[in-house]
Every structure is written in structure tokens, then in C-alpha cells.
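Asker: I am attaching a structure below and will ask some questions about it afterwards.
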Amino acid sequence: MVDLYILGASGSIGTQTIDIISNYPKLFRVVGMSVGHDLVKAEELVKKVNPEIVCLRYLDTKINTNAKLVYGDDGLLEIARYKSSQNKAILVNALVGSSGLVPTIEAIKNHKDIALANKETLVMAGDLIKSLIKKYNVKLTPIDSEHNAIWQCLKGENKKQVNKLIITASGGAFRDKSRAELENVSKDDALKHPNWQMGAKITIDSATMMNKGFEVIEAHYLFDMPYSKIDTIMHKESIVHSLVLFSDLSLKALLGHADMRIPILYALSYPKHLKIKNIKPLDLNNLNLTFNELSKERFPLLKCAYYCGEKGGLYPTVLNAANEAAVSLFLKNKIKFLEIEEIVISYIKKDYTNISYNIENILELDDKIKKEILAKYGDNL
Ligand code: MG
């Protein structure tokens, strides 16, 4: 039996996690969870999994449950520290954006394995997380479908014989639009992802290709690969979740439905492949797969991710903070779609080489950049 702690339980990854593990009541139980602002949905989920501890976002809210209620950012940390039994404990981090970082660190320090959907954790503080994982001897398994695929392709392989990790990209909502056509696209247009049902922030990040850029940085940290060995490719069907090219030109790929419940389950059941229920196998008949170049000129934020990744230090933190603030402004209709890129680029152009890399500086810079960008548009955190 594994004790699960799900942060972001009412979001897209969180609800899919609860959905898939409910088929294995003898293997997994949810001990703790955090939920978002929708209290009706929260109560429904809590009733379904009956956890011992629940974190609500706002202090003056309540739901009908016998579970211990905790609140806000401190509540997330209480869940990260909570211990219910001697069972193996996994924290599923499905929070959105930078809010995922500190709870991940706290969970590692409390000897929980991490199943990571919140890629911003690794983008902001990849080196730090990696050293903590080693120090506390916990496992970090990737939920992100591309990384879950690469991880499986690398199983049993020698990383020295890897030529390239090739991350596939569906292309997001605007993959068939030219840059000129992006001038006046709306929030609703950007939220229509062709293949995946996801939360708002990641759907916008997919349309700008920032998501793919973050995934390049995530892959760098997860698999200890230099950026020169990480490529991206447009694959509109989202069937091949990623590939690994070896030195003898063997090319391994992982195929599957565009259904996050499959990588979620493997991240939790690793190294076992459990028998999955209620999902039909992929039908290989008449499957047409296409691969095309993913242009860094068409998608400049992808180029920015390589730039910040190569520079290292606080640059990925800056990239993430500026993007997070810009996306939230776009979601509030305060800026245009292309202004997301402009804001991000204006911030990563600055010099951050004199700031030393530690958690205090990472959090401080993240906060400072977001507040600065939001204030320019009369908004706040
Ligand atoms: Mg992904």
C-alpha cells in the first residue's frame, strides 16, 4: 500500500490521478490533498477519497468533512510533512506554477517520493532539487507525458550511448497560424488545445511553446543531459510522446493515447506496469503519424528556454517568473497574446549573473519579477 499526498487535487492532473488510482484500492490510498477555490468540487473529491488531511486555499472557507483542515501555503507544507503510517509515501505535485517549488522541497526533506507534474519546480530550481533528491535518497518520477516517455525509453540503457532526447510537441492551439495571424488572437482561441484537456496556464504555455521550452529544461535536469543533446519536434497527433536516439542510430519511441492517466499511473507504480482498466489499447490500424520541424523563429519562447537553460543560474527562474506573470495578465485580458513573449524576452535580456544560486534568492527574484510585471498593468499577486 502506498500513501498518496496530492497537491492540486481538483485540477486536471489531480482529478485524473484520483480517477486512475481508484481502480487500485489495495495499492493506493489518498492520505492528504490540497484543493483549489471550487469548494463544491473539493467536497465531492474529498468525499470520494476520504483523506486524513485537506488543504483549502483560503482561511475563511470550510467543507463538510472529518479530515483535518489546513489552509493556504502553510497548509501545503503541512501536507508535505504529514505522516500517516510506515507505508511508502508519494507526493503528487500537480500544482500550477511556482507555488509547487517549496512544498516539493518540504516533501523531499520529509522522505516522500515525488511524482512530478509541476515542471516549474525543476525549471526554477533544478540543481537544488536534484541535490536534495540525492541527499534524502528519495525518488522523483515524471508525470509529464514527454518525460515519462523518455524515462521509459532510457530504462536499462547507458546514458553515455544516447545521442539525442527528442521531445515531441503537438504545437498547441496556434500551430497552423503564422506570426502575423497571432496579432489579435483571443484568450478563448488560445485555450482551445487540439489534443489535450489541461488547465488554463499550461494550455497558454502550449500555444506560446513556452511549455515545450520548460520541458527542455525539465529534461536537462531529469536525465542529466546537456542542452546540445535535447531536441524538439512538431508531432501534431500526440501519439508518440517522445523519442531517444542512440549512438548506433537505434531510435526508441513511446506511443500511446493522449491520456494523462497512463503516465500518471506509471509514475506511481514504477517499476511495475499495472494492468490498466477502462482504457482501450491504441488502435494502430490506419494510424498516420507526422513529424515536422519546430521552428524557434516561429516560437521564440522555445529559443528563450535554450538560452536561459544554457546560461543556468537564476535565468530559468527569471524565465518562469516573467512567463507566469505575463500569462496571468493575458488570462485576465490585460495584454495581447504576443505581449507574453515581449515581456518574457525583456526580462531574460537583463543580467542576473551576480545573484548567487540559492533558494532564498530564487524565491525573492521570482516574487520581485512577478510583482513588478503585474504592477505595470495595475494587477497584483
Ligand atoms: Mg508535456
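The values are calculated or read from the model by the stated rules, or taken from the named source; none is laboratory data. All of these numbers come straight from a predicted model, not from anything done at the bench. Glycine gets a Cβ as well: all are built from the backbone with ideal geometry, and neighbour counts include every protein chain shown. For accessibility, only protein heavy atoms count, side chains too; no ligands or nucleic acids. Shrake-Rupley method; radii C 1.70, N 1.55, O 1.52, S 1.80 Å.
Asker: Restricting to the range 134-155, and then to whatever is assigned to a helix (DSSP H, G or I) and open to solvent by 30 Å² or more (accessible area, probe 1.4 Å), can you tell me which residue is nearest to the ligand (Cβ to nearest atom)? Full working, then the answer.
Answerer: The initial filter retains those residues of the range 134-155 that are assigned to a helix (DSSP H, G or I), namely 134-136, 145-153.
Applying the additional criterion that residues be open to solvent by 30 Å² or more (accessible area, probe 1.4 Å) yields 134-136, 151-152.
Values: Lys134: 25, Lys135: 28, Tyr136: 26, Trp151: 13, Gln152: 14 Å.
The qualifying residue nearest to the ligand (Cβ to nearest atom) is Trp151.
Asker: Okay, moving on. Return a yes/no flag: does the range 334-352 have any residue that is outside any helix (DSSP H, G or I), over 22 Å from the mean Cα position of the chain (by Cα), loosely packed, with under 15 Cβ neighbours inside 10 Å and of a type in the set (S, T, N, Q). Working first, answer last.
Answerer: Narrowing the range 334-352 to residues outside any helix (DSSP H, G or I): 334-336, 349-352.
Okay, now just the ones that are also over 22 Å from the mean Cα position of the chain (by Cα), so 334-336, 349-352.
Next cut, loosely packed, with under 15 Cβ neighbours inside 10 Å only: 349-351.
Narrowing further to those that are of a type in the set (S, T, N, Q): none.
Within the range 334-352, none of the residues are outside any helix (DSSP H, G or I), over 22 Å from the mean Cα position of the chain (by Cα), loosely packed, with under 15 Cβ neighbours inside 10 Å and of a type in the set (S, T, N, Q).
Asker: Please specify each residue of the range 247-285 satisfying the condition of being in contact with an Asp or Glu (Cβ under 7 Å, 6 or more places away or on another chain) and either touching a residue at least 60 places away in the same chain (Cβ under 8 Å) or open to solvent by 80 Å² or more (accessible area, probe 1.4 Å) (or both).
Answerer: Going through the range 247-285, the residues in contact with an Asp or Glu (Cβ under 7 Å, 6 or more places away or on another chain) turn out to be 261, 279.
If the condition is that a residue be in contact with an Asp or Glu (Cβ under 7 Å, 6 or more places away or on another chain) and either touching a residue at least 60 places away in the same chain (Cβ under 8 Å) or open to solvent by 80 Å² or more (accessible area, probe 1.4 Å) (or both), then Arg261 is the only one that fits.
Asker: Of the residues Gly213, Gly172, which single one is crowded, with 19+ Cβ neighbours inside 10 Å, on the phi > 0 side of the Ramachandran plot and either free of Cβ contacts under 8 Å to residues at least 40 places away in the same chain or within 14 Å of the ligand (Cβ to nearest atom) (or both)?
Answerer: Working: Gly213 fails: on the phi > 0 side of the Ramachandran plot.
Answer to the check: Gly172.
Asker: Kindly list the number of the only condition in (1) among the small types (Gly, Ala, Ser); (2) more than 21 Å from Thr290 (Cβ to Cβ); (3) within 12 Å of the ligand (Cβ to nearest atom) that fails for Ala200.
Answerer: (3)
Asker: Could you please let me know if Gln161 is open to solvent by 60 Å² or more (accessible area, probe 1.4 Å) and within 14 Å of the ligand (Cβ to nearest atom)? Write out each step before concluding.
Answerer: Working: open to solvent by 60 Å² or more (accessible area, probe 1.4 Å): yes; within 14 Å of the ligand (Cβ to nearest atom): no.
For Gln161, the condition - open to solvent by 60 Å² or more (accessible area, probe 1.4 Å) and within 14 Å of the ligand (Cβ to nearest atom) - is not met.
Asker: Note down all Cβ pairs under 6 Å where the first residue falls in the range 127-152 and is β-branched (Val, Ile, Thr), the second is away from the ligand (no atom under 16 Å from the Cβ) and part of a helix (DSSP H, G or I), and they're at least six residues apart or on different chains.
Answerer: From the range 127-152, the pairs are Val138/Ile108.
Asker: Could you list, in sequence order, all residues of the range 40-90 that are surrounded by fewer than 17 Cβ atoms within 10 Å (Cβ to Cβ), in contact (Cβ under 8 Å) with a residue 24 or more places away in the chain and within 13 Å of Ala9 (Cα to Cα)?
Answerer: Lys41, Lys48
Asker: Another question, then. Is the range 223-237 home to any residue that is in contact with a Phe, Trp or Tyr (Cβ under 6 Å, 6 or more places away or on another chain), open to solvent by less than 10 Å² (accessible area, probe 1.4 Å) and within 13 Å of the ligand (Cβ to nearest atom)?
Answerer: yes
Asker: For the range 255-265, does any single residue satisfy the condition of being under 26 Å from Val138 (Cα atoms) and more than 15 Å from the ligand (Cβ to nearest atom)? Full working, then the answer.
Answerer: Just the residues of the range 255-265 that are under 26 Å from Val138 (Cα atoms), to begin with: 260-265.
Among the residues that remain, those that are also more than 15 Å from the ligand (Cβ to nearest atom) are: 265.
The answer is yes, given that some residue of the range 255-265 is under 26 Å from Val138 (Cα atoms) and more than 15 Å from the ligand (Cβ to nearest atom).
Asker: Right, Gly97: within 14 Å of the ligand (Cβ to nearest atom) and either surrounded by fewer than 16 Cβ atoms within 10 Å (Cβ to Cβ) or at pLDDT below 95 (or both) or not? Don't jump to the end; show me each part of the working.
Answerer: On the way: within 14 Å of the ligand (Cβ to nearest atom): no; either surrounded by fewer than 16 Cβ atoms within 10 Å (Cβ to Cβ) or at pLDDT below 95 (or both): yes.
It is false that Gly97 is within 14 Å of the ligand (Cβ to nearest atom) and either surrounded by fewer than 16 Cβ atoms within 10 Å (Cβ to Cβ) or at pLDDT below 95 (or both).
Asker: Here's a follow-up. Specify which of the listed residues (Ala125, Ala180) is modelled with pLDDT under 95 and either within 16 Å of the ligand (Cβ to nearest atom) or among the hydrophobic types (A, V, I, L, M, F, W, C) (or both).
Answerer: Ala180
Asker: Which of the residues spanning the range 190-210 are touching a residue at least 40 places away in the same chain (Cβ under 8 Å) and open to solvent by 10 Å² or more (accessible area, probe 1.4 Å)? Steps first, please.
Answerer: Restricting attention to the range 190-210, the residues satisfying the condition of being touching a residue at least 40 places away in the same chain (Cβ under 8 Å) are 190, 194-202, 204-205, 207-210.
Within the range 190-210, Pro194, Asn195, Trp196, Gln197, Met198, Gly199, Ala200, Lys201, Ile202 qualify.
Asker: Among (1) open to solvent by less than 40 Å² (accessible area, probe 1.4 Å); (2) out of contact with any Pro (no Cβ under 9 Å at 6 or more places or on another chain), where does Pro25 come up short?
Answerer: So Pro25 meets the others, but not (1).
Asker: Related question: For Ser10, are the conditions met, namely being open to solvent by 10 Å² or more (accessible area, probe 1.4 Å) and farther than 18 Å from Thr141 by Cβ?
Answerer: On the way: open to solvent by 10 Å² or more (accessible area, probe 1.4 Å): yes; farther than 18 Å from Thr141 by Cβ: yes.
Spelling it out, Ser10 is indeed open to solvent by 10 Å² or more (accessible area, probe 1.4 Å) and farther than 18 Å from Thr141 by Cβ.
Asker: Which ones in the range 108-120 are more than 14 Å from the ligand (Cβ to nearest atom) and either of a type in the set (S, T, N, Q) or surrounded by fewer than 18 Cβ atoms within 10 Å (Cβ to Cβ) (or both)?
Answerer: Of everything in the range 108-120, those that are more than 14 Å from the ligand (Cβ to nearest atom) and either of a type in the set (S, T, N, Q) or surrounded by fewer than 18 Cβ atoms within 10 Å (Cβ to Cβ) (or both) turn out to be Lys109, Asn110, His111.
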